[in-house]
Amino acid sequence: MKISTFILRRLALSIGVLLGLSILIFVISRVVPGDPVRLALGARAPQEVVDKISAEMYLDRSYPVQYVMWLKGVVQGDFGTSLYTRRNVSHDVRVYLPATLELAFYSGLIMAFFGIFLGVLSVHKKNTWVDNLVRFISYFGVVTPAFVFAIIFVLLFGFYMDAFPISGRLSQHISPPPFITGMITVDSLITGNFRAFFNGLTHIFLPALSLAMAGMSQQARIARSSMSDNLNKDYILAHRAYGISERRIMFLYLLKPSLIPTVSIIGLDFAVMISNAFLVELVFNWPGISRYGVNAILRKDLNAMAAVVMILGITFVVVNIIVDVVVAYLDPRIRMRRDRSSAL
Amino acid sequence: MRSDTLDIQEGLWKKRRENLKRAWYKFSGNYLSIIGLIIILAVFFMAIFAPWVSPYPEHRGAFVDFGNAMRSPSSEHLLGTDAVGRDILTRVMFGFRFSLMMAFVVIGLAAPPGITAGLVAGYFRDTWVDTIIMRITDVFLAVPPLILAMAITAVLPPNVFFAMLAVTLMWWPWYSRLVYGIASSLQNEFFVQAAQVTGASRPYIIFREILPNSISSIFTKMTLDVGIVIIIAASLSFVGLGAQPPTPDLGTMVSDGAKYMPDQWWVTVSPALAIVFVVLGFNLLGDGLRDMLAVEEV
């Protein structure tokens with residue numbers, strides 16, 4: 001299969017998945033016992049307001065009509081009015097999403113860099129105390145929930161060592177950079193405000209680290225096992241026989257083919273990361289889309305909730321397409337195989 | 001003739017006993033799996049006998065003793081006491097009950113339909129049955145389970161029962177996908193073709209020929225999933241969508257205790273470490289099973 005055909009097939013499948021997801025979310029958010037608007041606004045809200053929002057959501061029409069109207073809005077980027085803030089949900093998303101994307105970006109950096117670094121270190125010092133320590137840490141990374149890491153980091157680095165701030169995106173005394181992308185470290189760099197940039201970095205470090213722990217451990221374990229598998233292959237033996245240094249073999253010849261499994265689980269890591277963002281943003285008071293989503297859920301703000309789940313679903317599907325294409329590019333065997341596992 | 005069949009039966013049992021012995025030998029050779037097994041047995045013991053082995057059984061629910069509030073860990077209260085004077089060790093033991101119950105109910109309810117869907121789709125590979133079932137599971141797998149479970153709990157009253165329901169609804173596709181992979185590769189094997197040729201019914205082939213051959217993968221996944229479901233359940237109640245106070249739930253205890261950091265750190269750290277403890281046990285055991293049964297996927 002040519003790579004373009006592969007991408008096209010992958011895209012077609014994803015559109016089907018997203019349509020299915022929109023039906024699922026619609027069913028969850030509309031087929032509630034009772035009146036969803038009344039549920040969100042509370043018993044004391046005036047009837048006119050309830051009627052107005054109900055009419056906006058086409059609640060007096062049949063479910064298929066409601067779904068089509070809702071989907072039409074979603075495709076145009078309009079998720080309706082938030083039942084709590086009474087603003088357009090898309091407006092809220094524009095404000096809150098960049099904070100989460102920024103967090104996910106730094107978390108991904110930590111995850112990829114340290115995950116692979118620890119994996120290489122583990123193989124390089126195989127069966128020594130370094131290897132055992134790395135394996136021990138990465139085991140705990142997998143079994144510890146993100147909010148437990150968050151709380152332990154807050155205690156250790158925030159309170160006892162007082163090394164990093166534990167709440168928000170910037171200190172009080174720093175004026176935030178203008179809203180360009182919404183990501184503070186990017187906006188402050190664009191405007192040349194280095195004070196805000198470094199302050200933003202210190203704020204993002206602990207939440208990003210808490211978010212990265214699970215994926216980082218997973219990456220370290222996968223990198224270690226795939227490098228160990230390749231370690232005994234003939235081509236490595238041949239390189240050794242030529243007298244190429246161990247370090248060169250490690251980073252140049254062993255790492256590259258061993259990266260395929262670590263790249264292909266990035267999609268899974270990303271899923272773990274956006275779930276965990278819900279918990280980490282709560283602990284660190286991080287004004288991102290996940291905290292917004294949790295609040296929407298707690299306030300029964302169904303429009304906002306549907307928007308958050310839909311946006312995260314779309315992001316997840318897009319990340320998986322990119323990962324699949326990158327893996328297919330790295331590993332021609334996958335392009336050739338007509339396998340279901342590539343069709344997620 | 002009769003004694004022959006008896007001999008065959010006898011031989012089969014002997015073989016089974018030998019296989020079990022060999023499996024245990026392989027399993028017990030890995031000290032990490034043994035640690036996992038011990039942790040799990042300890043957790044089960046504490047959960048089942050909590051009313052008798054916990055130091056202050058009356059502290060499990062709405063109990064108030066302000067005179068003893070916020071005591072740091074000591075010989076009297078091994079994990080300290082919380083803001084209203086309840087012994088945290090007691091509440092952790094009762095919390096294990098909820099975690100284990102949640103995990104077993106969710107997996108017990110989600111696995112059978114998930115496995116059945118996967119088997120059927122795998123057996124009818126490349127037909128419309130396969131397409132419909134696997135496209136539906138793709139939709140569920142398109143969003144991380146915690147997020148969809150949260151969305152479902154949003155429209156339901158927040159309590160343990162609905163939290164379990166929500167996670168169950170999200171969990172079956174993972175079994176479908178695992179079993180689908182195995183079933184679709186087995187459906188061309190000779191033993192399946194032999195059964196087809198001898199006129200075995202489709203349900204017989206699916207459940208008596210293919211299912212037994214996927215059981216070791218399913219069993220390993222179930223063990224590993226106990227840990228993951230416990231984490232998801234704790235996460236839901238940490239956010240406030242699961243068990244409500246005064247239910248002794250580990251996630252709720254962590255989020256309540258977080259208010260008292262850093263001075264009364266044990267109120268939040270003790271239940272947090274309890275979660276890590278039980279999940280660690282199930283993961284060690286699951287990894288041990290995976291090595292023992294030589295399961296590749298999962």
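The values are calculated or read from the model by the stated rules, or taken from the named source; none is laboratory data. None of these values were measured; they are calculated from a predicted model. All Cβ positions, glycine included, derive from the backbone under ideal geometry; neighbour counts span all protein chains shown.
Observations
- Meets criteria (surrounded by fewer than 21 Cβ atoms within 10 Å (Cβ to Cβ) and in a helix (DSSP H, G or I)) for B:ASP291: yes
- Cβ-Cβ contacts under 8 Å between residues 6 or more apart (or on different chains), taken from a first residue in the range A:299-323 that is closer than 28 Å to A:PRO261 by Cα to a second residue that is in a helix (DSSP H, G or I) and of a type in the set (Lys, Arg), are listed as A:ILE321/A:ARG10.
- Only one entry in B:LEU211, B:LEU186, B:LEU224, B:LEU236 is surrounded by 23 or more Cβ atoms within 10 Å (Cβ to Cβ) and in contact (Cβ under 8 Å) with a residue 60 or more places away in the chain, namely B:LEU236.
- Only one of B:ILE232, B:ILE206 that is touching a Ser or Thr at 6+ places or on another chain (Cβ under 9 Å), at the interface with chain A (Cβ under 9 Å from one of its Cβ atoms) and part of a helix (DSSP H, G or I): B:ILE232
- Test: residue in the range B:82-90 that is buried (at least 18 other Cβ atoms within 10 Å of the Cβ) and closer than 30 Å to A:ILE25 by Cβ: no
- Counting only helices (runs of 4 or more DSSP H) that sit completely within the range A:50-157, those holding 1 or more residues that are surrounded by fewer than 19 Cβ atoms within 10 Å (Cβ to Cβ) and either away from chain B (no Cβ under 14 Å) or of a type outside the set (A, V, I, L, M) (or both) correspond to A:63-75, A:89-124, A:129-143.
- Residue ID - nearest to A:ASN303 (Cα to Cα), chosen from residues in the range A:1-22 that are within 14 Å of another protein chain (Cβ to nearest Cβ) and of a type in the set (S, T, N, Q): A:SER22
- Pairs, first among the basic types (Lys, Arg) in the range B:90-111, second surrounded by fewer than 23 Cβ atoms within 10 Å (Cβ to Cβ) and modelled with pLDDT under 95, C-beta under 7 Å, six or more apart: B:ARG91/B:ARG60; B:ARG97/B:ALA47; B:ARG97/B:ALA50
- Residue that is nearest to the other protein chains (Cβ to nearest Cβ) [pool: residues in the range B:138-152 that are within 20 Å of the chain's Cα centre (by Cα) and part of a helix (DSSP H, G or I)]: B:LEU146
- Residue within the range B:151-167 that is within 20 Å of A:SER14 (Cα to Cα) and either modelled with pLDDT of 85 or more or buried (at least 23 other Cβ atoms within 10 Å of the Cβ) (or both) present: no
- Residues in the range A:29-49 that are buried (at least 18 other Cβ atoms within 10 Å of the Cβ), out of contact with any Ser or Thr (no Cβ under 7 Å at 6 or more places or on another chain) and free of Cβ contacts under 8 Å to residues at least 60 places away in the same chain: 1 in all.
- Exclusive hit being farther than 30 Å from B:ASP82 by Cα, within 12 Å of another protein chain (Cβ to nearest Cβ) and modelled with pLDDT of 90 or more, set B:LEU280, B:LEU224, B:LEU273, B:LEU284: B:LEU284
- Identity of the residue in the range A:266-303, polar (S, T, N, Q) and buried (at least 22 other Cβ atoms within 10 Å of the Cβ), that ends up farthest from the other protein chains (Cβ to nearest Cβ): A:ASN303
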